[in-house]
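So the structure is just underneath, and the comments pick up after that.
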Amino acid sequence: MTVLRRPPSSALPRGRTAPPLFPAVRAVVHDRAWAAWGATGIVGVVVAGLLITSGAGGVSEVDLDLVQHASRAHAPVLDGAALLVDRLLGPQLGAALVLLLVVAVWVVSRRAAAALTVLGVAVGPWAAAELVKLVVQRDRPDPGLLVDPLIIEPHSFSFPSGHTALATGLALAVVLLARGRRGAPVVIVAAALAVAGVGLSRVWVGVHWPSDTVASVVLGCSVVAMLLPPWLRLVDQVEKRSRPAHPVEPSAPNSSPTTDPGRTRS
């Protein structure tokens, strides 16, 4: 007798639920500690921005010296790379990169919660940076003080850098996905170098002070540290409530309700 077997399905069997999201990250997540560090980092960035704007600490003088050095050191290859970064992480193409990553996560994992988590991690730092800009209201470098500013943006605020914040969010999202997998250390180093490159490019084109880019990295990491643990806990609660109340046990193979193995033919 030939027995037909169904091909294996990617869907979870009835009565079973998907494993927790990002288990390798959960192993190092501590809600209270992460929330405390995150809140401290956010407040610290805002206070630092207000102090810099008021002229305290001498940061502005150091910032101006570094921006002027960058403006005198332009080279065609580096100029082209910095301008490319400016376009890639601008509002339109930056949103497209985030959407592409989110769709890829959903297609691979088939879990809306995973895609939404990546979306929040990628966009959260940028959104926070735009809010902090409105609070601090620091002016961008004056093009008149630079030898060769590649980009002039006189009608927007500088602190912190939106491009660097978006790069930080995308890097953290990639690290979140790579954590616990083979090659994760390489991914983490590459992500950190990419964020550093984006921050340097903003100073290179003359639209940001160095302290703007440093503040973006601190702010982005702080926002994710504060919001990721409660979000994962919320996802757990939602998935727990969505589990079936009475899981259906799979029936034994080759069994029939009318067959009694203990009955003998008379």
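The values are calculated or read from the model by the stated rules, or taken from the named source; none is laboratory data. The model shown is predicted, which means the values in this text are computed figures rather than measured ones. Glycine gets a Cβ as well: all are built from the backbone with ideal geometry, and neighbour counts include every protein chain shown. Surface accessibility is based on the protein's heavy atoms, side chains included, excluding ligands, DNA and RNA. Shrake-Rupley method; radii C 1.70, N 1.55, O 1.52, S 1.80 Å.
Rundown of residues vs (1) closer than 23 Å to Trp204 by Cα; (2) touching a Gly at 6+ places or on another chain (Cβ under 8 Å); (3) part of a helix (DSSP H, G or I); (4) at pLDDT below 85, yes/no style:
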| site | (1), (2), (3), (4) |
| --- | --- |
| Ala96 | no, no, yes, no |
| Val102 | no, no, yes, no |
| Val107 | no, no, yes, no |
| Val118 | no, no, yes, no |
| Val121 | no, yes, yes, no |
| Glu130 | yes, yes, yes, no |
| Phe157 | yes, no, no, no |
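Hey, Val136 hits all of (1) among the hydrophobic types (A, V, I, L, M, F, W, C); (2) over 13 Å from the mean Cα position of the chain (by Cα); (3) open to solvent by 20 Å² or more (accessible area, probe 1.4 Å) but one; which does it fall short on?
Answer for Val136: the failing condition is (3).
From (1) closer than 16 Å to Thr164 by Cα; (2) open to solvent by 40 Å² or more (accessible area, probe 1.4 Å); (3) not hydroxyl-bearing (Ser, Thr, Tyr), pick out the condition that doesn't hold for Leu99.
(1)
Mind counting the residues in region 61-99 that are over 22 Å from Gly124 (Cβ atoms) and of a type in the set (A, V, I, L, M, F, W, C)?
13
Consider only pairs whose beta carbons are under 8 Å apart and that are at least six residues apart or on different chains; among these, list those whose first residue lies in region 83-107 and is of a type in the set (Lys, Arg) and whose second residue is at pLDDT 90 or above and assigned to a helix (DSSP H, G or I).
Arg87/Leu93
Give Ser54, Ser109, Ser71 a once-over and let me know the one that is hydroxyl-bearing (Ser, Thr, Tyr) and open to solvent by less than 40 Å² (accessible area, probe 1.4 Å). Before you say what the answer is, go through the steps one by one.
Numbers: Ser54 fails: open to solvent by less than 40 Å² (accessible area, probe 1.4 Å); Ser109 fails: open to solvent by less than 40 Å² (accessible area, probe 1.4 Å).
From the options Ser54, Ser109, Ser71, the qualifying one is Ser71.
Being of a type in the set (Lys, Arg), closer than 26 Å to Val198 by Cα and at pLDDT 90 or above is true for just one of Arg87, Arg72. Which residue is that? Before you say what the answer is, go through the steps one by one.
Values: Arg72 fails: at pLDDT 90 or above.
Of Arg87, Arg72, the one residue that is of a type in the set (Lys, Arg), closer than 26 Å to Val198 by Cα and at pLDDT 90 or above is Arg87.
Please determine whether any residue of region 211-220 is modelled with pLDDT under 95, among the β-branched types (Val, Ile, Thr) and in a helix (DSSP H, G or I).
no
Residues of region 145-191 being more than 16 Å from Val85 (Cβ to Cβ) and of a type in the set (Gly, Ala, Ser), which ones?
Ser156, Ser158, Ala173, Ala178, Gly180, Gly183, Ala184 - these are the residues of region 145-191 that are more than 16 Å from Val85 (Cβ to Cβ) and of a type in the set (Gly, Ala, Ser).
When both residues are 6+ apart or on different chains and their Cβ atoms are under 6 Å apart, which pairs have a first residue that lies in region 37-49 and is part of a helix (DSSP H, G or I), and a second that is of a type in the set (Gly, Ala, Ser)?
So the pair list comes out as Trp37/Ala225; Gly38/Ser222; Gly38/Ala225; Gly41/Ser222; Ile42/Ser222; Val45/Ala215.
Give the residue that is nearest to Leu193 (Cα to Cα), with candidates limited to residues of region 132-146 that are in contact (Cβ under 8 Å) with a residue 40 or more places away in the chain and assigned to a helix (DSSP H, G or I). Before you say what the answer is, go through the steps one by one.
Initial filter on region 132-146 (in contact (Cβ under 8 Å) with a residue 40 or more places away in the chain): 132, 135-138, 140-141, 143, 145-146.
Now narrow it down to the ones that are assigned to a helix (DSSP H, G or I): 132, 135-136, 143, 145.
On the way: Val132: 24, Val135: 29, Val136: 27, Pro143: 28, Leu145: 29 Å.
If we take residues in region 132-146 being in contact (Cβ under 8 Å) with a residue 40 or more places away in the chain and assigned to a helix (DSSP H, G or I), then Val132 is nearest to Leu193 (Cα to Cα).
Out of curiosity, is Pro149 part of a loop (DSSP other than H, G, I, E, B) and not basic (Lys, Arg)?
Yes, satisfied.
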